[in-house]
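The values are calculated or read from the model by the stated rules, or taken from the named source; none is laboratory data. Here the structure is a predicted model, which is why all the values come from computation and not from measurement. Note: ideal-geometry Cβ built from the backbone for every residue, glycine included; neighbour counts use all protein chains shown. Heads up: the accessible areas ignore ligands, DNA and RNA and are worked out on the full protein's heavy atoms, side chains in. Shrake-Rupley method; radii C 1.70, N 1.55, O 1.52, S 1.80 Å.
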Amino acid sequence: MRTLFDLEVNGCVSRTVRDTAAWLDMSEIKAMDALHRPVGFVADASDARLKIAVNPKIMRTGAYPPDSVMQVFESAITMLCQLGHQVKTGVLPFDGADATEAIRRFSEARFARKLAETAQLTGIPISVDNLEPRSADLVEQGWLRSDDDVARASDVLGNAAAAYLAQFDHVDIYMTPVFGDEIAEIGSFSPQGSWVEQRDRIVDYEI
């Protein structure tokens, strides 16, 4: 069963589509046995017209991001419409609050257990005293999550992932803002801070 973590892709945040195209060209696997045929550098406009579902809302709360983020998002929508793409309002195909709570439970438990596994494999004890305050706090929260908690969270994430993928039978792109707010203030996500105080802020920022 897939989870929302399986939908993650390491990418880049660029200023232009051309920069993203260049990054994709440089990073894609071009070997003969590659899973997907290499695309190469895309320099020219495409004649394809896409069906795009747009949703600016923050997943955990369902709230709209600040006006400054919405202005940029809406300008992108305007440009897509001018290019001839079919743009419609998208609806999150699963419960955002439930999914983000499941992500939190699963992530905390996995972090704590992986740390313990690493200590066992290396033979080097790892104490919370060896960790930055936020990581130590995260580990403490992780050990509060039972195996049953992890299993339930995994089920929620699997159902959410299935619902997310199913929408692509009808649309080509599900578009959200890159971040849920403007550039974060220095110290907002400090490793010297508390994980409990930061975790919702981190999720909401990544929308």
Which of the residues spanning segment 13-42 are among the acidic types (Asp, Glu) and within 25 Å of THR176 (Cα to Cα)?
ASP19, ASP25, GLU28
So which residues in segment 18-29 are part of a loop (DSSP other than H, G, I, E, B) and either surrounded by 12 or more Cβ atoms within 10 Å (Cβ to Cβ) or among the polar types (S, T, N, Q) (or both)?
GLU28
Are any residues in segment 154-185 open to solvent by 80 Å² or more (accessible area, probe 1.4 Å) and either within 16 Å of ASN55 (Cα to Cα) or modelled with pLDDT of 90 or more (or both), and if so, which ones?
ASP155, ASN159, ASP169, HIS170, ASP172, VAL178
Requiring at least 3 residues that are among the polar types (S, T, N, Q) and over 30 Å from VAL13 (Cβ atoms), the helices (runs of 4 or more DSSP H) wholly within segment 94-184 are none
Residue in segment 69-89 that is out of contact with any helix residue (DSSP H, G or I) (no Cβ under 6 Å at 6 or more places or on another chain), outside any helix (DSSP H, G or I), on the phi > 0 side of the Ramachandran plot and open to solvent by less than 90 Å² (accessible area, probe 1.4 Å) present
yes
In segment 49-56, is there at least one residue being more than 24 Å from the chain's Cα centre (by Cα) and either within 20 Å of ILE173 (Cα to Cα) or open to solvent by 40 Å² or more (accessible area, probe 1.4 Å) (or both)?
yes
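Going by what's in this entry, would THR61 be described as assigned to a loop (DSSP other than H, G, I, E, B), polar (S, T, N, Q) and open to solvent by 40 Å² or more (accessible area, probe 1.4 Å)?
So THR61 passes the test.
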For segment 190-207, give me each residue that is assigned to a loop (DSSP other than H, G, I, E, B), open to solvent by 60 Å² or more (accessible area, probe 1.4 Å) and closer than 25 Å to VAL72 by Cα.
GLU206
Residue that is farthest from the chain's Cα centre (by Cα), among those in segment 118-145 that are open to solvent by 50 Å² or more (accessible area, probe 1.4 Å) and of a type in the set (Ser, Thr, Tyr)
THR122
